[in-house]
Amino acid sequence: MILSWRNRRAHNNKMKNNNRLCEDLDAEINIPTHFRCPISLDLMKDPVTLCTGITYDRENIERWIEAGNETCPFTKQVLETFDLIPNHILRRMIQDWCVQNRSLGVERIPTPRIPVSQCEISEVCSRIVGATRRGDGKKCGELVRKIKNWGKESERNKRCIMENGTGCILSASFESFARDSFEKHITLLVEILSVLSWMSPLGKEGRSKLGTESSLRCIIWLLRNGDLSGRQSAVLVLKEILHSDERRIITNTLRAIEGVVEALFFLIKEPISPTATKASLMAIYCMISSTTKNDMITSRFLEMGLVGVIVEAIVEADKSVCEKALGVLDEICNTEKGKEEACNNALIMAMLVKKVLRVSEWATELSVSILWKLCDEESVRIEAIQVGTFKKLLVILQVGCGESTKEKVKELLKLLNGYNNRVDCCVDSSMGFKYLKKPF
């Protein structure tokens, strides 16, 4: 049986012959069935054969086995062994077929690399431990780069690396060289962080090594002075360290390190990537939620203008960033100074109402929580009515929400009910923000 695969060739470059382009885009490419994976029905990139004699794409059959299945997906036979034997002959046939159909936009599949084994990872980790004990930064760097390259080859390699305790080994190595002299070993430390940034969770022992003062000083230094890649790796690792039961202890250690607040603040004000922005917001949340209401760290964030920067970021943020930013804002509003800063922001009320029921259920709950905390002042209640808060709250009750949010909505409706007739005009909360004066 021959299945059809409609060519979706990208055509970013302009072609002179428009008729020919249209013909190419409409062309149908016939893919032999035995080139397709029986699981996904997609063209196989790395065909491997099970003990039953059936060939699958490596990624799909590995996912099948990791899910706990012990039978062949096609024959339903119980697998006597889970060994995956590369089918080199079929892979070369697929590559030849891709070359023959290159004119129709089919790209040749690359020759896959042999997946890394547990023995190889264990051997490299042992050598990293030895190099760390000797203080041999050069040799340690070579070994770390080897692990990094393995991880780049496939997600399967990354999983294998993480499952064999590599994170703990690298964390201990990072702490050792950071304690010695992080300026001297800065290149090595950046390499280690770049690998640790995609290892989650790191484990309690790994986090304890990275949570020492020497390790944290190095991470914060990279947050402030590293290149874009180094700063992103540093904030991802910092977020992972703080996102644990020991975050109160780690926050106390960070309090003595100069520049941590400024480094995280500027990653939000001047974002380098969505990934770094989300990690920064999570790190900030962990820090301010594990401190007292009048803590120095929270006060410093407010002095730098964190409320205004977060509100500005939320306006055009995607779902994930929006939820995390609202979480930080909700935590900030637990303090009197934070509430005061939020009330003085010209965008916040319209922004909160606009995000209700438009982003996610969690974003709606956070927005209601923030509104509930801010509506103590009469001026804030009037502004809330003006931007359509009352109507949005009624819609929330109709749509449904959690018990805690429902109680806050009811309280807000009682507070705002007496202001409906006192407001001369209303502003549609669905309008854009261009008519609102920005606070900075």
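Going by the structure shown, is S208 under 21 Å from I128 (Cα atoms), at pLDDT 90 or above and surrounded by fewer than 22 Cβ atoms within 10 Å (Cβ to Cβ)? Answer is yes for this residue. Considering only residues in the range 324-350 that are open to solvent by less than 40 Å² (accessible area, probe 1.4 Å) and within 18 Å of the chain's Cα centre (by Cα), the one that is nearest to T275 (Cα to Cα) turns out to be A325. Only one entry of S200, S171, S181, S194 meets the criterion of being open to solvent by 60 Å² or more (accessible area, probe 1.4 Å), farther than 30 Å from L90 by Cα and polar (S, T, N, Q), and that entry is S200.
Within the range 382-391, does at least one residue satisfy the condition of being in a helix (DSSP H, G or I), touching a residue at least 12 places away in the same chain (Cβ under 8 Å) and in contact with an Asp or Glu (Cβ under 7 Å, 6 or more places away or on another chain)? Within the range 382-391 (the criterion being in a helix (DSSP H, G or I), touching a residue at least 12 places away in the same chain (Cβ under 8 Å) and in contact with an Asp or Glu (Cβ under 7 Å, 6 or more places away or on another chain)), the answer is no, since none of the residues qualifies. Scanning the range 113-127 for residues that are open to solvent by less than 60 Å² (accessible area, probe 1.4 Å), out of contact with any helix residue (DSSP H, G or I) (no Cβ under 7 Å at 6 or more places or on another chain) and under 26 Å from L90 (Cβ atoms) yields a count of 1. Of the helices (runs of 4 or more DSSP H) lying entirely inside the range 1-112, those carrying at least 3 residues that are open to solvent by less than 50 Å² (accessible area, probe 1.4 Å) and at pLDDT 85 or above are 58-66, 88-100.
Name the residue that is farthest from I272 (Cα to Cα), counting only residues in the range 220-250 that are of a type in the set (V, I, T) and surrounded by 20 or more Cβ atoms within 10 Å (Cβ to Cβ). Top of the filtered list is I250. Counting only helices (runs of 4 or more DSSP H) that sit wholly inside the range 158-229, those with at least 2 residues that are in contact with an Asp or Glu (Cβ under 7 Å, 6 or more places away or on another chain) are 204-210, 213-225. How many residues, within the range 128-157, are open to solvent by less than 70 Å² (accessible area, probe 1.4 Å) and either part of a helix (DSSP H, G or I) or in contact with a strand residue (DSSP E or B) (Cβ under 8 Å, 6 or more places away or on another chain) (or both)? The number of residues fulfilling the criteria is 16.
The values are calculated or read from the model by the stated rules, or taken from the named source; none is laboratory data. Note that this is a predicted model, so its numbers are computed, not measured. Glycine gets a Cβ as well: all are built from the backbone with ideal geometry, and neighbour counts include every protein chain shown. Keep in mind that these areas ignore ligands, DNA and RNA; they rest on the heavy atoms of the full protein, side chains included. Shrake-Rupley method; radii C 1.70, N 1.55, O 1.52, S 1.80 Å.
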